[in-house]
Amino acid sequence: MEEVICQDRSESRDDATSDLAAHSHLLQERAVGGDKGHHGGLIRSFLDDVPNEVWQLIFSFAQTWVQEYWHDDSDDEIARPEVLEYRNLATICAVSRSWRQIAIGHRSLWTSLPKLVVNTSEDIPGPARDGQAAKMWIQLFLSRAGRSLPLTCDITIEPIAWTQVQGAIRDTVKVLTDQCHRWETVMLHLPQEAIAPLLSCIEGKLPMLSTLVLDTRVLRTDIPAPSDQYRLNLFSEAPKLRTVSITWGEQISESIPNVEINLPWSQLERVSLNVPGGSYKDLIEAQPLNLKELRYRDSDTSVPPTPPTPIILPKLEHFSVQSFKEEASCIDHLDQLILPALKYFSLARPGDMPPGDFYAKILSLIQRSGCSLERLNLKPTNPVYFDILALSPKLTAIKIGHPEISELLRKLVLDPASPKPLLPALRTLELLGDPWRRCPRARLDVNALMRVVRSRTLDLPQYSTGNELETGGVVKPLDTVVIDTYDRQLLRNDLTLWESQELGDRFKKYGAPDPLAFPSALTPSSAESALRKFRALIHKSPSEAEFFAMVAGMGHLLDELEALDVENTNTSILVRRDFLYRLDHYARWKEVKVPNLPQGAREVIHAISTRAKHILDHWRPFILRDLAACPYVWKYDDWDYGGSP
């Protein structure tokens, strides 16, 4: 292992790398054909001709792991920098000496440093991490990255770990701060109390820094007084800084002090702020001419801008402000903004501000800026909302949620014959119920919704000519409707009823049965219940009695499915409720990884899997028939239990 991978002092100490030792010989044989066989030699000769630069490019792609987000809602947060999986380089180095030499010779592969995480089992359930293993990996990467290339680093210090092992944390973090003059992208997740002890040495030493993510954690044992003032100057001298995301002590927001953060505001291009104090004010009044994205969430102590003269932000495309203040004065500064490039706009109305005044302010901003919005997130509580829509013919997505949503939907019905149709480019419509209501979910007016949908899909001229994929011309067909936090069962029933009444001719054309004619003996709810019980096998090892009770329920369900007259049954309702997807999961269940199953259980599960596959194979042509008959594809999830809309 040491000979193949690195011969460095640290690489054999990580658990993931030590696991590679047992497989490195196999990896070599698979990659280059080993020392045996005609095919291996042939592959080896081809691989020998691949230039090192091509291998290095391939290795850089192999590092890419996953695109993460700073928060769940990507509309309100800037996408996190790309995450690279450093262990993939260990695997590459384990394949052969030549690959190892090629990888080590390409210094830029080693500039995205391994993530440093320090926590305890009290911070996060599971094994604690003291950062020592990561430290050795970081030192290895630094030795291979050379002395001048810019670096990406990620530091996470959990609050309780900071109180317990400060000495070890300081020692480990120093390895990174000694290289702060090379930081290009840095992500810092640590307690406020750790910032000065760990990072005071970096002030004025950040000539390459372009992206900063700072997320502070609050020590619950030492909650600051809300009147306290905290000042952060560490990043004020960073000539290349362009992207900033700062979240300050979000866990206990009511206890966070005022924070004064000094940044080179005028040069920033992308900003996300969730910071109490005057940071938003400082940003706006600095008039950053290259600012493209602004996302801000205020607090009770936030200070709004008070510009005496108009402020032009010529490149700002994304403006998203979440305000929790009730005073109308918190958005007075909008009267001074001019945003000619604005495409996305999201703003909540202050509670003390009349809807008419609020929408008049937004309308004035759009008229004054001469912009054309493409995405809008406003609650339509005033007729002026539709004046805003009329000024935004390029809008591709809107979110609406209101007690009088039926009336709003009626206004969104498209008239393609109109010389100025409302929202001709609309592609995504999101309908929001009230997620905070404790009373039963509201019933969505499906008839009103589907009038909008039909007018923007089936009734468009390009659909009537038979070319359903055509998207040319002024009017674009609606692509997606997202329905959130309405009564799910009523929504399914009402949509099925609408299809039965409105799409009968289309069902006949494709030979699909009426969706209402689903056999009463096998309801989707009963089928889902049987699958849900059997799915419990994934989460726990059942007793013998529990297991065979599940098997009996599953067997009864399969009996009903095999007896179903699928030729005369519309299967779309089973597709929409994810029933067929779950059944297909069991049909593909080749290996059961549940410990302590009763004797003979695996054979029983194999038999169930075989039956499920036979049913789906028999149903396939009818599933495709029914999907083709309906012009819309509906996907349901359960938003009451963590599902997506």
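Here are the numbers for this structure:
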| item | result |
| --- | --- |
| Subset of the stretch 463-487 that is among the β-branched types (Val, Ile, Thr), closer than 20 Å to LEU444 by Cα and at pLDDT 80 or above - its residue that is nearest to the chain's Cα centre (by Cα) | VAL482 |
| Selection within the stretch 155-170 - closer than 12 Å to ALA134 by Cα and open to solvent by 20 Å² or more (accessible area, probe 1.4 Å) | none |
| Residue within the stretch 374-384 that is farther than 21 Å from LEU431 by Cα and touching a strand residue (DSSP E or B) at 6+ places or on another chain (Cβ under 9 Å) present | no |
| The lone exception for LEU460 - which of (1) open to solvent by less than 20 Å² (accessible area, probe 1.4 Å); (2) more than 20 Å from LYS379 (Cβ to Cβ); (3) at pLDDT 90 or above; (4) not polar (S, T, N, Q) it fails | (3) |
| Filter pass, ILE362 being crowded, with 19+ Cβ neighbours inside 10 Å and in contact with a strand residue (DSSP E or B) (Cβ under 8 Å, 6 or more places away or on another chain) | yes |
| PRO207 being surrounded by 14 or more Cβ atoms within 10 Å (Cβ to Cβ), out of contact with any Lys or Arg (no Cβ under 6 Å at 6 or more places or on another chain) and at pLDDT 95 or above | yes |
| Selection within the stretch 332-355 - at pLDDT 90 or above, part of a helix (DSSP H, G or I) and closer than 26 Å to GLU430 by Cβ | LEU334 |
| Whichever residue in the stretch 83-110 is in contact (Cβ under 8 Å) with a residue 60 or more places away in the chain and of a type in the set (Ser, Thr, Tyr) and, among such residues, is farthest from MET136 (Cα to Cα) | SER96 |
| Residue in the stretch 548-567 that is assigned to a helix (DSSP H, G or I), within 21 Å of GLN489 (Cβ to Cβ), among the small types (Gly, Ala, Ser) and modelled with pLDDT of 80 or more present | no |
| Any chance LYS394 is within 27 Å of ASP487 (Cα to Cα) and touching a residue at least 12 places away in the same chain (Cβ under 8 Å) | no |
| Odd one out for PHE358 among (1) in contact with a Lys or Arg (Cβ under 6 Å, 6 or more places away or on another chain); (2) closer than 16 Å to LYS281 by Cα | (2) |
| Residues within the stretch 431-452 that are open to solvent by 40 Å² or more (accessible area, probe 1.4 Å) and modelled with pLDDT under 90, tallied | 10 |
| All strands (runs of 3 or more DSSP E) inside the stretch 269-331 with 2 or more residues being open to solvent by less than 10 Å² (accessible area, probe 1.4 Å) and touching a Lys or Arg at 6+ places or on another chain (Cβ under 8 Å) | 270-274 |
| Contacts under 9 angstrom Cβ, first residue in the stretch 502-525 being modelled with pLDDT under 70 and part of a helix (DSSP H, G or I), partner aromatic (Phe, Trp, Tyr) and surrounded by 13 or more Cβ atoms within 10 Å (Cβ to Cβ), 6 or more apart | PRO524/PHE518; PRO524/PHE579 |
| Options LEU490, LEU497: the member that is within 34 Å of the chain's Cα centre (by Cα), over 30 Å from LEU395 (Cβ atoms) and at pLDDT 85 or above | LEU497 |
| Criterion (over 29 Å from ALA442 (Cβ atoms) and either assigned to a helix (DSSP H, G or I) or at pLDDT 85 or above (or both)) met by exactly one of LEU574, LEU616 | LEU616 |
| Of all residues making up the stretch 57-100, the number that are at pLDDT below 75, of a type in the set (Ser, Thr, Tyr) and over 30 Å from LEU294 (Cβ atoms) | 1 |
| Neighbours by Cβ (under 6 Å, 6+ apart or cross-chain): first from the stretch 337-359, under 14 Å from TYR296 (Cβ atoms); second open to solvent by 10 Å² or more (accessible area, probe 1.4 Å) and among the aliphatic types (A, V, I, L, M) | LEU347/VAL321 |
| Matching entry among LEU624, LEU597, LEU583 (being at pLDDT 85 or above and either surrounded by 13 or more Cβ atoms within 10 Å (Cβ to Cβ) or of a type outside the set (Asp, Glu) (or both)) | LEU624 |
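The values are calculated or read from the model by the stated rules, or taken from the named source; none is laboratory data. Keep in mind it's a predicted model, so treat the numbers as computed, not measured. Every residue, glycine as well, gets a Cβ built from its backbone with ideal geometry; the counts of neighbours run over all protein chains shown. Heads up: the accessible areas ignore ligands, DNA and RNA and are worked out on the full protein's heavy atoms, side chains in. Shrake-Rupley method; radii C 1.70, N 1.55, O 1.52, S 1.80 Å.
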